[in-house]
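The values are calculated or read from the model by the stated rules, or taken from the named source; none is laboratory data. Computed from a predicted model, the values in this text were never measured in an experiment. No Cβ is skipped: glycine too gets one built from the backbone with ideal geometry, and neighbour counts run over all protein chains shown. Remember, those area values only see protein heavy atoms, side chains included, never the ligands or the DNA or RNA. Shrake-Rupley method; radii C 1.70, N 1.55, O 1.52, S 1.80 Å.
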Amino acid sequence: MTHAAAAAELPAAERQIKLLSLLEQDCGSCHGLTMTGGLGPALLPKTLDDKPDDFLVDTILYGRPGTPMPPWAFEITPDEAKWLIGRLRSWRTDG
Amino acid sequence: MVKFLPFAVAALIAALPVSAVAECGGLRGTGDLGLVIERADGAVQVVDTTRRRALCTVTGLGDLSHASLVFSRDGRFAYVFGRDGGLSKVDVLTGTLVKRVTQAGNAIGGAISQDGRLVAVSNYEPGGVRVFDAATLEMLADIPAIAADGSRGKVVGLVDAPGLGFVYALYDAGEIWVAEMGKDATAPKLTKFTGIGRLPYDGMVTPDGRYYAAALFGEDGVALLDLWNLDKGVRRILDGYGKGEQPLPVYKMPHLGGWSTAGRLAFVPAVGRHEVLVVDQKTWEEVGRVAVYAQPVFTTARPDGRQVWVNFAHPHNDTVQVIDVPTRTVVQTLKPGPAVLHIEFSPRGEHAWVSVRDSDEVQVYDTRSFDKLASLPARKPSGIFFTARANRVGY
């Protein structure tokens, strides 16, 4: 068990599992189970390449009004959003 | 033939990638069979709705997130539309994958023609519709979705339209297209309706095949096309049904596929609200609303139209509510468990099958007593499809 003091950057191991499952199942319902896109755009290394972290973190936390992208701040923290972006940037579609 | 498996053993076997429960292949009808999509595994289970058990598992279908399927008119074959652009033909009777083609990079759904000869698939990438020979899966027509402004975009809400062919909407450009399939399936005749509204994200055809409705994300409202009178054009219904209220964010797009028709009423999930709209299908006016637990995803009518079952978006997707149609009130709240993704009724409505993704099971409920009758193990189940769909327009 990691304690709160150490939790500033990386989510704890169990939270990571929870976040990855959220990414696959819930984000996946719009972005595709393997992030190759659906109603929402693909979230693959090459599609995110030219977009800064802060911009993408904001998108995840606050959504994009006027588009189907919803805000997730109610259950994802800024650090966790940043961690998810990191995972997406090193995502491999072949599993 | 009928082997008794203790539940734990059945669960263990079903957890194996290739199921050892292999009872497919005997001589029987398919009228009481169905398929359950195992989303993460690229597999479908063949289920028997009379004995309420899985018969066998068919694997190798690719990425099945958001997958849907249609049945051949004899109820023997299923055409499964995968997110990865795969189109798979599954023999429900023998439990085998007959053929699989990868027809696009990123697909969303499909439909089968009235005569059962053609299967059409709608694609996000490259945006358009492709039409296949249902027997061979040979491609007959390729219709790119190039909008009036020259842009190519995603296709959504593809349905079969009796007497015409297929109807669908262009998400990015806001258009509805009718593809008339004449004698020569390689040369469909297109009729295009532009400026129908912002971001149509799904479509449905009424059970009689007369109207096509496209739900709009970018506006409060629904675009409606009378397929018997194409020259009258598209009109807007339910305009501004949420006026003056700030809509809530949407965590899962609600589906129109399950727009339930109960007599002359349709029960429509409201986008971004904790409500189901009640619409009179003669006048296409809203005649009421039913307050529900959270944002609805599917509203599914029991075949007799007396009940409508509703499931909900994340983070409230552990719940199912039942609306009593005559009184338009919620009469039952069920808690099947985390991530209820889909509800399917037995052909005459005595049972409801509910997929519960995160507890890896499909639950079967009695629709009169609401008792849970059975739980079948399934790996990350999503859609449930029974062969009775073979004879329904829009399924």
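Going by accessible area, probe 1.4 Å, with all protein chains left in place, what is the ranking of B:380, A:82, largest first?
I get A:82, B:380, largest accessible area first.
What value, in deg cm²/dmol to 500, does the helix sum -39500 (n - 2.57) over DSSP H runs of n ≥ 4 give at 222 nm once divided by the residues of chain B?
When only DSSP H runs of four or more count, the value is -500 deg cm²/dmol.
In chain B, carbon and sulfur make up what percent of the accessible area (probe 1.4 Å)?
Answer for chain B is 52 percent, counting heavy atoms of protein chains only.
Quick check on chain A: helices-only [θ] at 222 nm, where DSSP H runs of length 4 and up contribute -39,500 (n - 2.57) each and the sum goes over total residues. Nearest 500, please.
Taken over chain A, the calculation gives -11500 deg cm²/dmol.
In Å and on Cα atoms, what radius of gyration and Dmax does region A:13-89 show?
Cα only, region A:13-89: 11.5, 35 Å (Rg, Dmax).
All other residues with a Cβ under 14 Å from the Cβ of residue B:197 taken together, and with Lys, Arg as +1 and Asp, Glu as -1, what is their net charge?
Neighbourhood net charge equals -3.
For chain B, divide the Cα radius of gyration by the Kirkwood radius and give the resulting Rg/Rh value with two decimals.
0.95
Pulled fully out, how much extra length does the chain show between residue B:358 and residue B:74, if you take 0.36 nm times their separation in residues and subtract their Cα-Cα distance?
Length difference between fully extended and current span is 98.9 nm.
Please express the shape of region B:113-167 as an equivalent ellipsoid: the semi-axes are the square roots of 5 times the eigenvalues of the C-alpha gyration tensor, given largest first in whole angstrom.
21, 13, 8
Can you tell me what percent of all Cα-Cα pairs in region B:60-124 are more than 17 Å apart?
Result: 33 percent of Cα pairs exceed 17 Å.
For chain B, modelled as a GNM with alpha-carbon contacts under 10 angstrom, which of B:317, B:229, B:106 fluctuates the most?
Residue with maximal mean-square fluctuation among B:317, B:229, B:106: B:229.
Using 1/(1 + (r/R0)^6) with R0 = 56 angstrom and r between the beta carbons of residue A:62 and residue B:27, what's the FRET efficiency to the nearest 0.05?
Once the sixth-power term is evaluated, E becomes 0.45.
Using a probe of 1.4 angstrom, how much of the accessible area of region A:13-89 is carbon and sulfur, in percent?
About 60 percent, which is the carbon plus sulfur part of the accessible surface.
Report the Cys residues of the protein assembly as shown lacking a disulfide-compatible partner, meaning no second Cys Cβ under 4.7 Å from their Cβ.
Cysteines of the protein assembly as shown left without a disulfide-compatible partner: A:27, A:30.
Using a 10 Å cut-off around each Cβ of peptide A:60-71, what is the average number of partner chain Cβ atoms that fall inside?
The mean count of partner-chain Cβ atoms within 10 Å per residue comes to 3.
Run the paramagnetic zone check for residue B:228: 7 angstrom along Cα to Cβ, then residues of region B:285-324 with backbone nitrogen under 19 Å.
What the label zone holds, given the 19 Å backbone N cut-off, is B:285.
Just the Cα atoms of region B:190-229, one point each, no solvent: what log10 I(q)/I(0) does Debye give at q = 0.34 Å⁻¹?
-1.17
State to the nearest 20 debye the size of the charge dipole of region A:13-89 about its Cα centre, where the only charges are +1 on K and R beta carbons and -1 on D and E beta carbons.
Dipole of region A:13-89, to the nearest 20 debye: 160 debye.
What is the sum of charges, Lys and Arg at +1 and Asp and Glu at -1, for the other residues whose Cβ falls under 11 Å from the Cβ of residue B:234?
Combined, the nearby Lys, Arg, Asp and Glu give +2.
Rank A:84, A:16, A:32 by how far each Cα sits towards the positive end of the charge dipole of region A:13-89 (+1 on Lys, Arg Cβ; -1 on Asp, Glu Cβ) and give me just the farthest.
A:32
What's the extension gain from residue B:192 to residue B:306 if we count 0.36 nm per residue and subtract their Cα-Cα distance?
Extra length from residue B:192 to residue B:306 when fully extended: 37.4 nm.
Can you compute the charge dipole magnitude of the protein assembly as shown about its Cα centre, using +1 on each Lys and Arg Cβ and -1 on each Asp and Glu Cβ, nothing else charged? Give it in debye, rounded to the nearest 20.
The calculated dipole for the protein assembly as shown is roughly 920 debye.
Could you give the dipole magnitude of chain B about its Cα centre, charging the beta-carbon of Lys and Arg +1 and that of Asp and Glu -1, in debye to the nearest 20?
Result for chain B is approximately 500 debye, rounded to the nearest 20.
Would you tally the net charge around residue B:67, using a Cβ to Cβ cut-off of less than 9 Å, leaving residue B:67 out, and scoring K and R as +1, D and E as -1?
+1
Taking only the Cα atoms of region B:262-375, how large is their convex hull per residue, in Å³?
Cα-based convex hull of region B:262-375, divided per residue, equals 86 Å³.
Starting at 0 and stepping by 10 Å, how many percent of the alpha carbon pairs of region B:138-177 end up in each bin?
Taking every Cα pair in region B:138-177, the percentages come to 28, 50, 21, 0.
Relative contact order of region A:13-89, please, whole-number percent, based on alpha carbon pairs below 8 angstrom and at least 6 residues apart.
Here the relative contact order equals 22 percent.
From the residues B:325, B:30, B:140, which one has its Cα farthest along the dipole of chain B in the positive direction, the dipole being from +1 and -1 charges on Cβ of Lys/Arg and Asp/Glu about the Cα centre?
The residue sitting farthest along the positive end of the dipole is B:30.
Limiting things to C-alpha atoms, what are the Rg and the maximum Cα-Cα separation (Dmax) for the protein assembly as shown, in angstroms?
21.8, 71
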